[in-house]
Structure formats: C-alpha cells, structure tokens
1. If we keep just the residues of segment 406-435 that are open to solvent by less than 10 Å² (accessible area, probe 1.4 Å) and not in a helix (DSSP H, G or I), which is nearest to Arg375 (Cα to Cα)?
2. What residue, among those in segment 465-502 that are under 31 Å from the mean Cα position of the chain (by Cα) and of a type in the set (Lys, Arg), is nearest to His430 (Cα to Cα)?
3. So, in segment 613-641, of the ones that are open to solvent by 70 Å² or more (accessible area, probe 1.4 Å) and in a loop (DSSP other than H, G, I, E, B), which residue ends up nearest to Asn465 (Cα to Cα)?
4. How about segment 279-306: which of its residues are buried (at least 17 other Cβ atoms within 10 Å of the Cβ) and of a type outside the set (A, V, I, L, M, F, W, C)?
5. Kindly provide the set of residues from segment 447-462 that are at pLDDT 90 or above and of a type in the set (A, V, I, L, M), ordered by number.
6. Being at pLDDT below 85 and open to solvent by 80 Å² or more (accessible area, probe 1.4 Å) is the filter here, so list the residues in segment 353-405 that pass it.
7. Does segment 478-503 hold any residues that are charged (D, E, K, R) and surrounded by fewer than 19 Cβ atoms within 10 Å (Cβ to Cβ), and which are they?
Amino acid sequence: MASSVETLEFQAETRQLLRLVIHSIYSNKDIFLRELISNASDALDKLRLESLAGSTVGADTSDLHVALEVDREARTLTVRDNGIGMSRDDLVDLIGTIAKSGTAGLLEKIKESQDAAAAQSLIGQFGVGFYSAFMVADKVTLRTRRAGTDAGTQWESDGEGTYELQAVDGLPVGTSVTLHLKPVDGEDGLADYLAGWKIRQIVKQYSDFIRWPIRMAAEGTAAAQAGQAAEDAEEGGTGGDAAAEPVVETLNSMKALWARPRSEVTEAEYTEFYQQISHDWLAPAETIHMRAEGTFEYEALLFVPAQAPFDLFSRETKRGVQLYVKRVFIMDDCEALMPNYLRFVKGVVDAHDLSLNISREILQHDRQIQAVRRRLVKKVLGALKTVQANDAERYAKLWDQFGRALKEGLVEDPDNSQALLELLSLPSTHDAERPTTLRAYVERMKEGQEAIYYLTGETRTAVENSPHMEAFTAKGYEVLVLSDPIDEIWADRTPAFDGHRFQSIAKGQVDLDDAAGADQEAEAERTRREQDFAELLPWLTSALSEQVKQVRLSSRLTTSAACIVGDADDISPTLEKMFRATGQEMPPVRRTLELNPGHPLITALRTSHAADPANPALTEIAELVYGGALLAEGGDLPDPARFTRLLTTHLTRGL
C-alpha cells in the first residue's frame, strides 16, 4: 500500500550535472548495466557482512543473487537484488548524492576538466553509477527496503526537473531498479536492451566474475513448456501458475581464478582462462599468480605467452592488462599498469579499492597505480629470471620471442635496468651458436680487462667481419655482437653492469696492450711508430679535413689498412642512418681515421709521401683509403662515382 507522493525539484546546477552524467561522461551506453549490477553486488556484499556481524536481524542470506527481468510489452528492464536495501534516508544520501545542494562547485570542477575527466572521488558512490541508467531510459523507478526494517520506499524520476519519493508497504528486502527504456536507436548507440543476447553479452563482458549469481529467465523455454501462460511470463508478466514459470539461467561464470589460492587452480584452468582473454590457441609459457595485502589490496593473474603476437612491434598494437575493481570489469587494455616493453604480457589485475574517474573509464595516475605497476613489473621480471636460471632451453625460446621488446626496457625503465641486464641473452664472439648472458661474459673476462666490449652493426656477419674486430679476435678478447636496432640505443645509454662499463670497440681509443698490461718493449715499439709516421699523419688529416677530424695510428687493426672510429660520445653510423631513415636531419659527424702501421699500403703511402709530398696522386690514394674504411663498416660513400673512378685509375696504373 503506497502513501502520498512527495515531489522534489532538482536545483539548477544539479540538472546540469545530471545532463552531463547522462550525455557526456560515459562513452559506451552498455555501461549502464555494469553500473547497476555493480551496485547490486555491493548491496549483497553489505548484507552478508552485516549478517556475519549480527547487526542485521532476520536477514536471509541463503540465496543472495542479482536478477534481471525483461518485460517486452512494457519495454522495461529490471535489475533486482536481495541485498541490504535502503531506507528513505539512505536514498537521500546515496541516490541523492548529486541531487542535493552544494553541487555547484563539483560542476565547476568538471567543466574545468573538460567535463568527463573530473570528479575523480565520486566513483563508487551509488548515485553516479545509478544515474547512468538515464542514458538508456526515459524514466527510472527504484523500489527498496532495508534489511531489519518494515518500511519500503519508491524513488522515481525522468531525469529532468523533478523526482518523486513515497513510502510503499509490502516490499521485499533488497532493491529493484526498473528502467523504462528508450526506443532502439543505432545511430545514438541505443541497442535493444530487451534482447537476451545483448544482455548476456554485456554481463559476460563486464560482470562475468562477480561473486554473486546473475540470473535471468531463459528465452524460449517457458513457451515450449506451458503455452500462452509461459509466454506471458517470458514477456515479463507475473501471471500463470508455477508450472508455467520460465527456466532461470545464471549468466555469469563467477569463476575469478585470481581470487582463488594457486593451490586450488589447475593448469588446465589457467590455460583455459589465458586462451579466453588472449584469444591465443597455445598454452601460456609462464603463469604469475599474486596477491597483495595491506593498505592497498589487489590480486593479479598474469601470463607470458609462448609465442609473440604478429603485431608486437606495430605502433597500433594494444597493450596492457585487463583491469577489474572488485571483480567488475573496468577496461580491457590498461596501459597504466604495464610498461610498453612488457606489452606481450596478458592477464588481469583486480583491485579492491582504486581511484578511478567518474565514469570508471580513465585511471588516475596516483601513487596507488604506480605502486601496483612497480610490483607487477618486478614480478614479471622475477618470473623470467627464474625460468632463465632453471630451464635454459625454455628461456632461450622466450628470449627469441620477446628479447627485442625486453631490450626496450633498458631505455624506458632505468629503475629496473639491472634486472633487465641480467635477463639479456646476447650473441658474442665466444660461441657462434649460443648467446651469452652478461654474467657469463664477466666471468670469462681476461685478467686486467675492465670494460665489456661490444660492436653494433646491421647483421652479425657485418659485425664479425668489421676491421674493428681484428685485434680483439687476434688477442682472444670476447666481443658482444649487437645487430638489433635497439642495441644501438641501450648499449650507448647503459653505464655499466656489475661495475664494468660498456665500451664500443668502434669508439674512442682502444689499447689492448694496456688492458693486458703493456711491457717496455711494446711501449718502445709504439713510440718508434709514432716517430715514423710523424709527417704523414698531419698531412692526411689536412688532406681529408672535410671527412675526418683526425688521422692516427691504430692498435685495433691486424689485417685491414684502415678503419673509422668515433669519439666516445659520438652517434654511431648505424644509429645516424636510422634517424635519417625516419626523416630526422642529423648534423654531419666527423670521425677519426685510424691506420694500420704494419699494412703494406700504409707503409708504401708513408714512403711515397716522404719522397714527394706534393704528388697529387697521394691525395687520391688518401681518398681511397678513407672510402675503403667507410665501406668496410657498412657506411655510404659521399660520392660513389668519384670513388669508383679513382679506384679504376689506380688499379690500371698498377697493372
């Protein structure tokens, strides 16, 4: 039996805020059902909690659930729960949160933040999620009775100027929200929310893992069982006898694996769940199941795939893990929780309390988010380290799939650079077939060797055949062979590993005699050579002044006549070429030409220069020496036609 109706009027600023909630905040109208089911789930949680505490007398918690009811004739969709319910005062405090005075300041903040990105703290308050119903409904009727009380209350509004409150007798404990749906309008994003398949789709996407069953009458079953009476029931009517009641089905799985102890989950269940969220037909290579407790609680279930997706290095690839809050789906690709270099990781993070914006669609980048991200990254890197230590063959397969992406972390994530350096698996001159870790490289370093030597290039063959390698190969020094484009960047920016700096053998001066401990005889030999070439080196520096900054003798060459090296801070030729390929203009870099003092060509050039310094052919020979060194490192000749012409001329003279 209903009492008199009390009509209340929205304040002017509240009407503006309500229109904003309905028309601007949510990008997807399907969200309304997620919000209403989430509110119902919260109500069920509260009833169970209060009943355990003994504060709710006579509460029936034997069959807590959410029910969805469709009435096609009346065009209504009802979301019903038998949870804690609300009193009239609760309605004013919760449903009326945005309908009471003092909202002008909130509205102003929302406007300042371009409407949809403000009011961060409001999410989770019943009123905001509830009002999303007006995106799809012309009128909303809410009926509720709080557990432990006899009085029921009805709230009703069309979302415009007024809302109505009245007392209603005889209501069951719990809350029902009935939406009087707007007509279907595909252009406006209004789907047929009376269609069973659409309701199932929304529940499966957003509310599949809520702990309470979400039930709905199965379409078609009632009519098949009991004729017209069952058909009336299917269409939302309440008539008919018990035999005509429709078959009720549970729409959600309630199987949130991440909320269960790992000991209670089988590998088959993990694989099935991974394949469901990743759309991969293979089993995951590694499963990471974790729970964080304390001031901020969350669970995470992460997977490392066995095979890299085809778009791993595409700019358009989606990344991030699925985000849930209290088992309610929030977003599919939460980039804030996983760095770009771990974009291959799939999984779920379920936070118990997370700061979201008003539409639950954008995360606040607060300390909670950063703390979760740091913990997830350390867990993933730790899991990969465990595989590396315990199963070298399996780790080799993972590195082959994801190694290039992990190297990006050395540039993007300096906080975890040491953990990433431990994971590196790099080709080197130690073994042509098997890559090495940096730890193994350090253990094999020669006595007195301080640096980790490396050389970058476009291919392994090009690196191994580089003139820069000659002395290192001859004296048995191991060199890392880096041919991935990202190697050019991380190797240059990473200061050291285990106290040993990284040194490119194509930069700066490298004196392996010093590294091994030079004796007096070797020192005397260097001094003698410097004196022998005292006149040639300044002349070559002047003759090639447009191409090089200096010409000097080399200690890194054994068979080649010359090579080109950069200063320690110079950009490498390969990286320079990469930048130019992307359209970036790079200032010209003049590097140093190093000569092999024992090579016949260089000794003949010294002799000829000493005999006739003005001979114009010597300048051409100098150009050929420089051009040959440039080609040997994979560089591009500034004038290929001139180089070919000079080479042909001097070859002809020699025949």
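1. Going through the qualifying residues, I end up with Leu424.
2. In this case the residue turns out to be Arg501.
3. Restricting to residues being open to solvent by 70 Å² or more (accessible area, probe 1.4 Å) and in a loop (DSSP other than H, G, I, E, B), the top hit is Asp636.
4. Passing the criteria: Asp280, Pro284, Glu286, Thr287, His289, Tyr298, Glu299, Pro305.
5. Within segment 447-462, Ala451, Ile452, Leu455 qualify.
6. Asp353, Ile362, His365, Arg367 - these are the residues of segment 353-405 that are at pLDDT below 85 and open to solvent by 80 Å² or more (accessible area, probe 1.4 Å).
7. Asp484, Arg493, Asp498, Arg501
A quick yes/no check of all residues on (1) open to solvent by less than 10 Å² (accessible area, probe 1.4 Å); (2) at pLDDT 70 or above; (3) farther than 24 Å from Met254 by Cα:
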| site | (1), (2), (3) |
| --- | --- |
| Ile22 | no, no, yes |
| Ser27 | no, no, yes |
| Phe32 | yes, yes, no |
| Glu35 | yes, yes, no |
| Ser38 | yes, yes, no |
| Asp42 | no, yes, no |
| Leu49 | no, yes, no |
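The values are calculated or read from the model by the stated rules, or taken from the named source; none is laboratory data. Computed from a prediction, not measured in an experiment: that's the story for all the values here. Positions of Cβ are generated from backbone atoms using ideal geometry, with glycine treated the same way; all protein chains shown enter the neighbour counts. Please note that ligands, DNA and RNA were not included when accessible areas were found on the heavy atoms of the full protein model with its side chains. Shrake-Rupley method; radii C 1.70, N 1.55, O 1.52, S 1.80 Å.
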